[in-house]
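Working notes, beginning with the structure itself.
The values are calculated or read from the model by the stated rules, or taken from the named source; none is laboratory data. Here the structure is a predicted model, which is why all the values come from computation and not from measurement. Glycine also receives a Cβ, built like all others from the backbone with ideal geometry; neighbour counts cover every protein chain displayed. Ligands, DNA and RNA are excluded from the accessible area calculation, which covers all protein heavy atoms including side chains. Shrake-Rupley method; radii C 1.70, N 1.55, O 1.52, S 1.80 Å.
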Amino acid sequence: MKVRILLIISLCMFSWGCSGSKEDRVPVYKVTGTISLGGAPIPGARVTFVSKEKLPVAYGRTNGSGEFELMTYDPGDGAAAGRFSVLVSKYLSSKPKGDQSDAAHGADPTKNYDSRGGHDAKATQTTENAIPAQYADVDSTPLSVTVEAGGENKFDLELK
C-alpha cells in the first residue's frame with residue numbers, strides 16, 4: 001500500500017516536473033493548515049493532496065506546531081483549484097533487535113554489521129507509520145478538501 005502511494009506520487013511529480021515551461025503550469029493557490037491527532041499537533045508529518053480530477057499533486061510537511069504549507073511547483077506556491085483527497089503519514093525509523101547469534105562471536109547483538117565488519121545503518125532501520133494507516137491510502141482516507149481559486153484555503157484537519 002505504501003509503495004503504491006509513493007509510486008503514484010513520484011510518477012505524478014515526475015510527469016508534471018517535466019511537462020514544460022512555467023506557462024504550461026496549472027495555476028495554484030496558497031494552501032495552509034494544521035494536522036492534529038486527538039487534539040495534539042503532529043510535527044514532521046507528510047501532507048499530500050491528491051486529485052481524482054488529474055490535477056497536479058501538492059505536498060508539504062508539518063512543522064513543530066503541526067502547521068503545513070503546500071507546494072506544487074515551487075516551495076509554498078500551494079495547490080490547484082479543485083477537490084483533493086488528503087493523505088497524511090509520518091514514518092518513524094527504528095532499529096530491530098539484532099541476531100542473537102552475533103553475541104557468540106563477540107559482536108553487539110543490538111547492531112547489524114556489513115560484510116566489512118562495519119555498522120550497516122540501512123540494514124538496521126525499519127519504518128512504520130505513526131499515523132493510522134487509513135490516512136496514508138488514497139482509497140481509504142476520510143479526509144478531503146476543496147481548494148478554491150482566490151479563497152483562504154486554510155484547512156485544519158483532525159485525525160482520529
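When you count the other C-beta atoms within 10 angstrom of each residue and take the mean per peptide, 65-71, 37-43, 140-146, 78-84 line up highest first as 78-84, 65-71, 140-146, 37-43. Of Thr72, Thr127, the residue with the largest accessible area leads and the full order is Thr127, Thr72 (1.4 Å probe). Taking Lys and Arg as +1 and Asp and Glu as -1, the other residues whose beta-carbon sits under 11 Å from that of Arg83 total -1. Label-to-label distance, Ser144 versus Thr32, with points set 7 angstrom from Cα along the beta-carbon direction: 2.7 nm. Computing FRET efficiency as 1/(1 + (r/R0)^6) for Glu53 and Lys160, where r is the C-beta to C-beta distance and R0 is 45 Å, gives about 0.95. For Glu69, the residues whose amide H sits under 5 Å from its own are Arg61, ignoring neighbours fewer than 5 places away on the same chain, with H placed 1.01 Å from N.
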